[in-house]
Amino acid sequence: MSSRKNTSVKCSSCGARLVVPPQAQAICCATCRATTNVGRSRDPVRQAVGIVKAVLLSSSSWSSGSSSYGYPTMGQPSSFPRVRGKKRAVLVGISYAGRRYELKGTVNDVNCMRYMLTEKFGFPAECILVLTEGERDPNRVPTKENLRAAMRWLVSGCVAGDSLVFHFSGHGVQRLDSSGDEMDGFDEALCPLDFESNGTIMDDEINDTLVRPLRRGVKLHALVDACHSGTILDLPYLCRLSSRAGYYQWENHTAPSGVYKGTNGGLAILISGCDDHQTSADTSAFAGSASTGAMTYSFIQAMESEPGTTYGRLLTAMRAAIRASGIGISINGPIASLMRKVFNFGSTQVPQLSSSEMFDIYRKPFLL
């Protein structure tokens with residue numbers, strides 16, 4: 001029998017027998033929707049491509065209703081998860097379907113992040129709240145009020161030892177600052193699904209909702225794949241990093257107005273898709289059939305390339321992946337072809353790191 005024929009493995013979750021196509025790195029169980037790793041390759045780029053491909057291909061079989069993915073059904077208007085574990089997350093993907101500014105990769109970003117959190121970082125599936133346009137529960141459609149409620153849910157009752165994640169993939173904009181607390185004179189804002197009728201969610205509100213309640217011992221990571229997102233959490237410190245030289249410096253972005261923008265003793269860290277004046281890219285990865293955000297894809301590749309990495313190495317790896325779109329990828333074969341499709345968007349975006357406190361980015365390990 002040829003070694004290239006289909007093989008089978010047991011599902012890592014329910015034990016069902018799964019047929020594994022040749023060259024597969026991971027496979028989604030049709031019964032319980034869990035993803036089982038099956039690859040043996042040590043090539044980090046191949047692993048990253050395998051993860052994203054497996055998640056995107058298997059996502060078509062997932063129900064659009066979140067309750068089918070393990071969230072408890074709650075007979076009340078707000079059906080957010082009851083589970084209050086040490087690890088929980090809010091994942092938001094907004095496509096703005098049918099509009100002239102529609103995005104193609106946001107739901108795929110959410111699926112990829114959900115995979116990373118559950119399979120790589122041990123987040124319970126029932127502690128992940130997803131907001132996309134495809135959700136059957138109207139409370140999980142990413143309108144302005146639902147997004148506000150999701151942010152409040154994420155930090156509600158947080159205690160020492162909690163690890164929180166907020167991921168947003170969608171549009172971001174800038175607005176003239178009217179309160180005097182922005183160094184560059186502009187506020188940044190996220191665009192919910194209904195922003196044209198109900199407005200955006202400003203960085204001041206995001207800071208007040210997600211950052212200020214964090215108590216001592218609580219850690220929040222925000223991953224924002226949107227335009228103009230460099231300081232979207234209004235955190236006091238922004239890391240200016242020279243990726244090629246490895247030199248970095250923390251800039252003090254304390255509000256000129258004197259308004260406190262820090263936490264209540266906890267730690268808040270933002271990894272954003274680009275600087276405040278830049279835009280983020282949406283790119284086709286698989287022969288035009290699926291898209292991902294450039295920042296989300298570069299994050300996945302960086303985590304696969306350097307597991308157990310530091311914040312400095314993570315940021316450098318993400319920037320290098322995006323920069324590769326302009327200088328080519330130094331590998332050959334089908335993986336190189338795929339990677340060129342992923343990064344062929346001519347983007348000048350530069351992922352940014354900001355924090356509620358300063359630290360040594362090359363010594364502090366990246367942990368969720």
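Taking the average, over residues, of other Cβ atoms within 10 Å as the packing measure, peptides 135-148, 202-215 rank 202-215, 135-148 from highest down.
Simple spin-label estimate for residue 364 and residue 208 gives 2.6 nm between the two label positions (7 Å along the Cα-to-Cβ direction from each Cα).
Pairs from the table (144/219; 86/364; 87/120; 104/144; 219/364) lying more than 23 angstrom apart at Cα are 144/219. Spin-label model, residue 121/residue 252: points 7 Å from Cα along the beta carbon direction are separated by 3.1 nm. FRET efficiency for the residue 145 to residue 320 pair, using the beta carbon distance and R₀ = 51 Å, is estimated at 0.85. Subtracting the Cα-Cα distance of residue 156 and residue 264 from 0.36 nm times their residue separation leaves 37.5 nm of extension gain. Our estimate of slack between residue 136 and residue 101, defined as 0.36 nm per intervening residue step minus the Cα-Cα distance, is 10.3 nm. For region 193-268, what class follows from the C-alpha gyration tensor (a ≥ b ≥ c being the square roots of its eigenvalues): rounded when a/c is under 1.5, otherwise prolate if a/b is larger than b/c, else oblate? Note, shape of region 193-268 comes out oblate.
Values quoted throughout were computed directly from the atomic coordinates according to the rules given, and no laboratory measurement underlies them. On a predicted model such as this, the values are computed, not experimentally measured, just so you know. Positions of Cβ are generated from backbone atoms using ideal geometry, with glycine treated the same way; all protein chains shown enter the neighbour counts.
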